[in-house]
């Protein structure tokens, strides 16, 4: 079994190997395979036949990758990313857990059908799929240990802020239980807002047009290479990020201020959590918690939920 979080920025996977959690990540990058048969990268690239075209995915597709900011993109290419992940890891799991943003979870049946019927290289993924709302995976990860058992002293009140590439999913919980009526997706509020501003700044000041994936790498590194020269962008990124975080917290306070005031925890997770946590105002410092390897928190939570489900099934059979 494996938990896979197909995000707009990266695909994250967590699985158990000989009693130890293993992690895998690749950029959510896909592009048409080069037509030139003598392309020097051909031997290194993994090409896939999918929906009548040949594609490359992950690291080799960073340059010229398609835009990744829509549900239609996820619906179409999620099977390709999951197929590639399983192939690279050499896994043939019976159970796969994945998720969708809170605001798109009403389309889970649509996504599940796509995952179970789409053909990659003429093959479908032979596994039983479980679908979870993103952010719920983070709460499950916080509440469960690596064996899928509920941990003591985790039945608290708080808010999950799942900071993804394109969206922020906000989930409130009471005594460790998610409150569905108080969950919301802040669309277009993920770190893509920072990335897009960075793209504009780099284009304006250096005359270079970067793809989303390239700009994300620059954001995380704090610099970029131009003709062999390293351009330091840390100050520009800090200014953009501080303004972004102020805007994010303004939106969270406007919708959930009473819950935030009474929260035991503000769980910040997702791909942007570690960076964003550096700019947390002191008034929230006592309640903020960033999970270990926070970008994997959803996938890890999905896996833990699968393990708990399997344990319940075994007990029912006895």
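The table that follows gives values for the structure above.
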item: Residue 227, sole failed condition from (1) without any contact (Cβ under 8 Å) to a residue 24 or more places away in the chain; (2) touching a strand residue (DSSP E or B) at 6+ places or on another chain (Cβ under 8 Å); result: (2)
item: Complete set of residues in region 259-318 that are assigned to a loop (DSSP other than H, G, I, E, B), modelled with pLDDT of 85 or more and more than 20 Å from the chain's Cα centre (by Cα); result: 263, 264, 286, 287
item: Subset of region 235-255 [surrounded by fewer than 18 Cβ atoms within 10 Å (Cβ to Cβ) and in contact (Cβ under 8 Å) with a residue 60 or more places away in the chain]; result: 251, 255
item: Odd one out for residue 169 among (1) closer than 28 Å to residue 217 by Cα; (2) modelled with pLDDT of 95 or more; result: (2)
item: Checklist (1) modelled with pLDDT under 95; (2) in contact with a helix residue (DSSP H, G or I) (Cβ under 8 Å, 6 or more places away or on another chain) applied to residue 141, failing item; result: (1)
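One line per residue, one yes/no per condition, for (1) closer than 21 Å to residue 142 by Cβ; (2) touching a strand residue (DSSP E or B) at 6+ places or on another chain (Cβ under 9 Å):
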residue: 218; (1), (2): no, yes
residue: 239; (1), (2): no, no
residue: 254; (1), (2): no, no
residue: 257; (1), (2): no, no
residue: 264; (1), (2): yes, yes
residue: 271; (1), (2): yes, yes
residue: 289; (1), (2): yes, yes
residue: 309; (1), (2): yes, yes
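The values are calculated or read from the model by the stated rules, or taken from the named source; none is laboratory data. The shown structure was predicted, so the numbers you read here are calculated from the model rather than taken from an experiment. Positions of Cβ are backbone-derived with ideal geometry, glycine not excepted, and every protein chain shown enters the neighbour counts.
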